[in-house]
Structure formats: structure tokens, C-alpha cells
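The values are calculated or read from the model by the stated rules, or taken from the named source; none is laboratory data. What you see is a predicted model; the values in this text were computed from it and never measured. Using ideal geometry, Cβ is built from the backbone for each residue, glycine included, and neighbour counts are taken over all protein chains shown. SASA here: full protein model, heavy atoms, side chains in, ligands and nucleic acids out. Shrake-Rupley method; radii C 1.70, N 1.55, O 1.52, S 1.80 Å.
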Amino acid sequence: MNRRSLVQLVVVGASLATVTPLYAEDIDFEKQVLPVLEKKCMSCHREAYTDPAKGRLRKPKGDLRMDMPEDIVKAGESEKPAIFAGEPDKSEALARVLLPEDSDDFMPSKGDPLTKDEIEALKSWIQQGAKFGKWKGSKFTPEGEKVKE
């Protein structure tokens with residue numbers, strides 16, 4: 001492990017230790033977490049599609065899909081699960097949003113970072129067992145618009 005990776009690991013560990021959940025009540029995934037994932041994660045981490053502007057196949061970044069419940073708990077290229085139910089400190093998705101913004105591994109790599117409240121909701125949801133409720137997945141058009149169910 002190189003020095004930069006070690007420093008990032010220490011920063012993430014310290015961040016995980018200092019982020020305390022704001023939510024004593026159960027997190028409603030579909031109301032509090034899913035909108036954040038759809039807005040800030042799924043544009044890059046979704047089913048492969050053909051880009052209509054360029055005509056080329058776009059695959060999920062880092063080989064990680066976050067648009068289906070069964071995929072969000074799997075590991076991508078990092079070989080660490082994005083979401084590890086009950087254990088925020090083992091959840092790669094949380095670790096990535098807590099990295100310094102200038103890190104190559106910081107997420108989201110495009111657009112606005114998660115707010116403190118969004119991070120707290122994500123962490124609390126993971127701590128509470130990462131239950132998906134009735135959500136069966138999100139579908140998007142090739143242009144990135146959510147398909148209404």
C-alpha cells in the first residue's frame with residue numbers, strides 16, 4: 001500500500017468514526033435514500049446502454065450497478081461490496097463519498113457531492129440493515145431520464 005492510499009484510508013476511517021447518525025427512526029429507503037442514489041449515483045452506475053449521441057456502448061463505471069437491489073450489494077472492480085448491510089464501515093459506497101474531493105476515488109465523480117444529510121441518511125440506512133422496501137429497481141432511458149413505472 002502506498003503512502004497516499006494509507007493517508008486516504010486513515011481519513012476515511014476517521015470520517016466513518018465521526019459521522020454519527022442523525023436518524024433515530026427507521027430510514028425509508030424509497031423516500032430518503034433512493035432519490036439520492038438515482039440523482040447522484042445511477043447516471044454512471046446503471047445497466048449498460050448505447051449512448052444515443054455517440055452510438056457507443058456505455059457500461060457501468062467500475063463494473064458496479066446501483067440500479068437494482070441485488071446489484072447494489074455486490075462488489076464492482078474494487079472487490080468490496082458497495083453496501084454491506086448493518087456495517088457502514090465495510091460499505092464501499094459510503095467510504096467513497098467520504099473521501100477528500102480531490103481523491104481519484106471520490107464519488108460522485110461528476111456533479112455535486114452528497115450533502116451531510118444525504119450521507120447521514122445513507123449511513124443510517126446501512127446501519128439499519130439496508131432494507132430496500134418494495135423497490136425492485138430503477139430504469140432509465142439512454143438519455144438518462146428515469147422511466148416511470
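Is it the case, given these coordinates, that Met42 is in contact (Cβ under 8 Å) with a residue 60 or more places away in the chain, among the hydrophobic types (A, V, I, L, M, F, W, C) and open to solvent by 20 Å² or more (accessible area, probe 1.4 Å)?
Working: in contact (Cβ under 8 Å) with a residue 60 or more places away in the chain: yes; among the hydrophobic types (A, V, I, L, M, F, W, C): yes; open to solvent by 20 Å² or more (accessible area, probe 1.4 Å): no.
No; evaluated as a whole, the condition is false for this residue.
Could you please tell me which pairs satisfy a Cβ distance under 6 Å, a separation of 6+ or placement on different chains, a first residue in the stretch 53-79 that is open to solvent by 60 Å² or more (accessible area, probe 1.4 Å) and of a type in the set (Lys, Arg), and a second residue that is at pLDDT 95 or above and in a helix (DSSP H, G or I)?
Here the result reads Arg65/Asp71, each pair linking the stretch 53-79 to a residue that is at pLDDT 95 or above and in a helix (DSSP H, G or I).
Condition first: at pLDDT below 95 and loosely packed, with under 14 Cβ neighbours inside 10 Å. Now tell me which residues in the stretch 10-39 satisfy that. Don't jump to the end; show me each part of the working.
If we filter the stretch 10-39 for residues that are at pLDDT below 95, which is where we start, we get 10-26.
If the condition is that a residue be at pLDDT below 95 and loosely packed, with under 14 Cβ neighbours inside 10 Å, then Val10, Gly13, Ala14, Ala17, Thr18, Thr20, Leu22, Ala24, Glu25, Asp26 are the ones that fit.
Out of the residues in the stretch 80-125 meeting the condition of being open to solvent by 20 Å² or more (accessible area, probe 1.4 Å) and of a type in the set (Lys, Arg), tell me which one is nearest to Glu38 (Cα to Cα).
Lys110
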